[in-house]
1. Considering the zone a paramagnetic label at Asn168 would reach in this model (a point 7 Å from Cα along the Cα-to-Cβ line), which residues of segment 56-80 have amide N under 17 Å from it?
2. Solvent-accessible area of Val83, probe 1.4 Å, all protein chains present, reported in Å² to the nearest ten, please.
3. Using protein chains only and a probe of 1.4 angstrom, how many square angstrom of Thr137 are accessible, to the nearest 10?
4. With a cut-off of 8 Å between alpha carbons and a minimum separation of six or more residues, what is the relative contact order of segment 103-146 in percent?
Amino acid sequence: FGGEDSAAAAINGENRPREWMAFEYVGSGMDEAFVTLSDAMQMENWNGSHHLSNIQRALNLPEEYEFGDVLDAVFRSILEDLVFVHACNLVHRNVSPSNLLCDGQSQRLRLQNFSGAADLDPSPIPGRPNDDGTVPTLGTQRVGLTANIASFSPAYAAPEKYVRLDNNPLAFDVFSASMVMCQLLFKLIDDETGA
């Protein structure tokens, strides 16, 4: 960051504004490496062989939790993440067990991998700088909303596959979150093949 001076210069058209993405480091709180929800579901050697027991341990949830409590904690965590992402006017488009990190320190899941996300706010398309240093705007674009192009996990994706602005685009992630919960309940989706 260049501070207030560089921000003022960017606003005045003296520089092209830059977008920054900030990440917060979170540790797993476990001896093992950070695991995804998918990893935790597949581990058979932790306390008990049931996948919900593995998730309970990965999230460092209290031992007295029953499976229903684990499911509640997982779904609440997913929905809280989606509320935040959607408040930023983004659609993640790839909510799946492999994109949810188990954070034992905060006892919640963390949504990761925004490579396929769609920005619902139009951003200006900068043109070539003029001789006077100003940068004209050529129009606007929505990053990640190229027609018929998306990155997603097919088994967890909404049936329409592509986000449409005229068709409640945030519902795409809610459908995927529901598929994650179905997988936790029934464990019928083969994450390797997506079937």
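1. Residues passing the 17 Å test: 79.
2. 100
3. 90
4. Here the relative contact order equals 37 percent.
The values are calculated or read from the model by the stated rules, or taken from the named source; none is laboratory data. All of these numbers come straight from a predicted model, not from anything done at the bench. All Cβ positions, even for glycine, are placed from backbone atoms using ideal geometry, and neighbour counts span all protein chains on display. Note: areas computed on protein heavy atoms with side chains; ligands, DNA, RNA excluded. Shrake-Rupley method; radii C 1.70, N 1.55, O 1.52, S 1.80 Å.
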